[in-house]
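Following: one structure in structure tokens, then a few remarks.
The values are calculated or read from the model by the stated rules, or taken from the named source; none is laboratory data. Bear in mind that the values here come from a model prediction, so they are computed numbers and not experimental data. Positions of Cβ are generated from backbone atoms using ideal geometry, with glycine treated the same way; all protein chains shown enter the neighbour counts. SASA here: full protein model, heavy atoms, side chains in, ligands and nucleic acids out. Shrake-Rupley method; radii C 1.70, N 1.55, O 1.52, S 1.80 Å.
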Amino acid sequence: MKGKIIKSTGSWYQVLELETNKIFEARIRGKFKLIKTRLTNPLAVGDFVEFQLEQDDIAWITKIEPRSNYLIRKSVNLSKEAHIIASNIDLACFIFTLKHPETSLGFLDRFLACCEAYNITPLILFNKIDVLHEEEIEIVKDIEFLYQEIGYDTLEISSYSKLNLDQLQEILKDKTSVFFGHSGCGKSTLVNALQPGLNLKTSEISDTHLKGKHTTTFAQMHFWDFGGNVIDTPGVREFAMIDIEKEEVQHYFPEIFKKREECKFHNCLHINEPKCAVIDALETGEIQHSRYATYIKLMDEAEEASQK
């Protein structure tokens with residue numbers, strides 16, 4: 001039988017049987033656990049699998065189909081390198097908030113680089129527009145323009161005023177999507193606004209630290225009435241890329257990759273090489289310092305990983 005993983009708690013999974021849409025509680029055969037991998041989880045929500053039914057309608061997953069893509073986060077398990085957040089994603093939405101909480105541009109840039117690396121279409125959602133003053137709205141528009149210039153799609157939204165939610169529904173329709181952002185960015189509130197009645201648990205922002213609390217403890221797929229689905233995931237503190245060479249990192253920053261052709265040396269890494277077009281563009285403001293800082297950090301991580 002063929003199915004899709006729609007919920008993962010770590011030891012148990014829920015599998016949606018593709019022909020009948022019946023949901024089964026499932027476990028994995030021991031051989032999955034013996035596969036040597038740098039990932040902490042052999043299966044993720046979004047995976048297509050084959051499974052067999054045994055007594056009491058318990059499903060045993062016997063095979064995983066090749067993934068079209070996936071996103072991973074750094075693992076809290078030090079013996080492993082990363083944990084798959086979700087797989088077979090059509091659209092990854094990053095929820096940016098200027099305040100309550102303030103979104104880190106480094107976090108956004110790491111997310112975008114991971115989308116580039118694993119062939120996932122990103123969408124930047126500028127949320128909580130309704131709580132911003134005029135000057136703050138101008139700051140958001142400036143940030144939005146910077147990322148649009150690089151080539152990324154953006155949309156200003158509000159879960160409370162319903163700003164552009166109809167447009168967002170059209171974008172999400174019939175796709176498998178996933179939402180990311182800092183804790184307290186309004187992810188669960190947005191999902192509830194798009195799908196009334198779903199009632200995902202939400203949490204208030206802490207007055208002390210102006211940060212939200214993680215309210216999702218396991219990954220689960222929810223289905224939109226307007227078509228498609230969303231994978232709700234636990235909070236992600238830092239995205240990861242594995243098996244990436246240092247020389248490859250520039251491929252995942254479109255504005256840097258475009259400029260490389262103007263560098264004097266074809267193997268330029270844009271650090272301190274002479275006549276580097278990227279460094280020149282950094283000095284003129286054509287390339288943003290925040291994105292370049294993330295680029296350097298990812299290169300350092302790739303170098304460190306290659307030495308393990």
Principal-axis tilt of helix 134-150 within the chain, Cα atoms, nearest 10 degrees: 90
Between 0 and 90°, nearest 10: helix 289-306 axis offset from the chain longest Cα axis: 60
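Return the percentage of antiparallel bridges among DSSP beta bridges fully within the chain, rounded to the nearest 5 %. Write out the running numbers ahead of the final one.
Values: 29 of 50 bridges.
Close to 60 percent.
About the Cα centre of the stretch 43-120, what is the dipole size in debye to 20, counting +1 per Lys and Arg Cβ and -1 per Asp and Glu Cβ, all else neutral?
Values: 7 positive and 11 negative charges, 99 e Å.
Its charge dipole is roughly 480 debye.
Run the dipole for the stretch 217-308 about the Cα centre, Lys and Arg Cβ at +1, Asp and Glu Cβ at -1, nothing else charged, and hand back the magnitude in debye, nearest 20. Write down the numbers at each step before the final one.
Details: 10 positive and 18 negative charges, 23 e Å.
For the stretch 217-308, the charge dipole is close to 100 debye.
Keeping the other protein chains in place, figure out the carbon and sulfur percent of the accessible area of the chain, with a 1.4 Å probe. Could you put the intermediate results ahead of the total?
Details: 7790 of 15980 Å².
Its accessible area is 49 percent carbon and sulfur atoms.
Give, rounded to the nearest 20 debye, the magnitude of the charge dipole that the chain has about its Cα centre when Lys and Arg contribute +1 at Cβ and Asp and Glu contribute -1 at Cβ. Spell out each step's value before the answer.
Working: 36 positive and 47 negative charges, 280 e Å.
Dipole of the chain, to the nearest 20 debye: 1340 debye.
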Where both partners of a DSSP beta bridge lie in the stretch 67-187, what percent of those bridges are antiparallel, to the nearest 5? 25
Listed values (i) 1.06; (ii) 1.10; (iii) 0.99, entry calculated as Cα Rg over 2.2 N^0.38 Å: (i)
Taking Cα pairs under 8 Å and at least six residues apart, what relative contact order does the chain come out at, in percent? 16
222 nm [θ] for the chain, helices only, -39500 (n - 2.57) per DSSP H run of 4+, per residue, to 500? -8000 deg cm²/dmol
Dipole of the chain (Lys/Arg Cβ +1, Asp/Glu Cβ -1, origin at the Cα centre): which of Thr294, Ala281, Ser158 lies farthest to the positive side? Thr294
Which of the pairs Lys22/Lys162; Lys7/Lys175; Lys22/Lys201 have their Cα atoms more than 23 Å apart in this structure? Lys22/Lys162; Lys22/Lys201
Using packing as a proxy for protection, rank 91-99, 180-188 so that the peptide with the highest average count of other Cβ atoms within 10 Å comes first. 180-188, 91-99
Fluctuation leader among Asp243, Asp225, Asp130 - the chain, Gaussian network, Cα springs under 10 angstrom: Asp243
The stretch 11-23 - phi-based ³J(HN,Hα) in whole Hz, Karplus 6.51/-1.76/1.60, Gly and Pro as x: 10, 10, 10, 10, 10, 8, 6, 5, 7, 9, 6, 7, 9
Round to a whole angstrom and tell me the spacing of the C-alpha centers of the stretch 293-307 and the stretch 115-172. 28
Which whole-Hz couplings ³J(HN,Hα) result when phi for each residue of the stretch 99-106 is put into the Karplus expression 6.51 cos²θ - 1.76 cosθ + 1.60, θ = phi - 60°, listed in order with x for Gly and Pro? 8, 6, x, 7, 7, 7, 5, x
Where only protein heavy atoms count, and the probe is 1.4 Å, what is the accessible area per residue for the chain in Å²? 52
